[in-house]
Each structure stands twice: as C-alpha cells, then as structure tokens.
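Right, one structure below, let's go through it.
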Amino acid sequence: MSPRKGPGPSVKDDDLYEKLRDEGNSKEKSARIANAAANTSRSSVGRKGGSHPSYDEWTKHDLLQRAREIGVEGRSRMSKDELIEALRDH
C-alpha cells in the first residue's frame with residue numbers, strides 16, 4: 001500500500017491547504033483555514049469571529065488560561081512571549 005497523497009478527505013480546499021503548509025503552518029491550522037475558506041468566500045475568512053485585544057495586551061494569567069483551553073503543552077514553564085508565540089502558532 002502506497003502512502004496517501006494530499007491532506008485527506010476532511011480538507012475541502014487542497015490547494016489552499018498545501019499553500020498554508022508550505023508557509024509553515026501546522027496541519028491543524030492549515031486544515032481549519034482551508035475548510036473555512038471553502039465554506040465561504042476566501043476574502044471573508046479573516047473577518048470571521050469576534051474581536052479581542054492583541055495577545056501582547058493580555059495578562060500572563062489570561063494567556064495561560066487560553067493556552068490551557070486549547071491544549072498547549074508545557075505552558076506552565078513558558079514566559080509571556082513564549083505563550084504568545086505558542087498561541088499564535090496553534
């Protein structure tokens with residue numbers, strides 16, 4: 001059996017997924033963006049959702065809480081800057 005090519009059947013926009021992966025995004029993030037773009041127009045994907053201050057303006061406590069919610073590993077040993085980077089990369 002040969003290895004499967006492409007992101008798999010759960011990704012709705014293979015081209016966008018591959019472009020995002022080439023840019024260095026995680027598999028999860030690339031799939032999430034590609035599927036959101038496939039469900040709506042690509043230009044509206046970035047405008048979706050609520051608004052909140054930049055992570056730079058959050059307290060370390062709030063960053064830790066958010067990291068816990070999304071399952072960032074090693075968060076308790078991270079500095080504020082490391083938490084921000086981990087949240088942005090997740």
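Before moving on, here are some points about what is shown:
- Multiplying the residue separation of residue 14 and residue 68 by 0.36 nm and removing their Cα-Cα distance gives an extension gain of 16.4 nm.
- Amide H contacts under 5 Å for residue 12: 35, restricted to partners 5 or more places along the chain or on a different chain, H placed in the peptide plane at 1.01 Å from N.
- Length gained when the stretch residue 79-residue 23 is fully extended (0.36 nm per residue, less Cα-Cα span): 17.6 nm
- Modelled spin-label separation between residue 90 and residue 57, with each label point placed 7 Å from Cα along the Cα-to-Cβ direction: 2.1 nm.
Every read-out reported here was derived from the displayed coordinates using simple, explicitly stated rules and does not represent laboratory data. Owing to the predicted nature of the structure, the values given are computational and were not obtained by experimental measurement. Cβ atoms come from the backbone with ideal geometry, glycine included; neighbour counts cover every protein chain shown.
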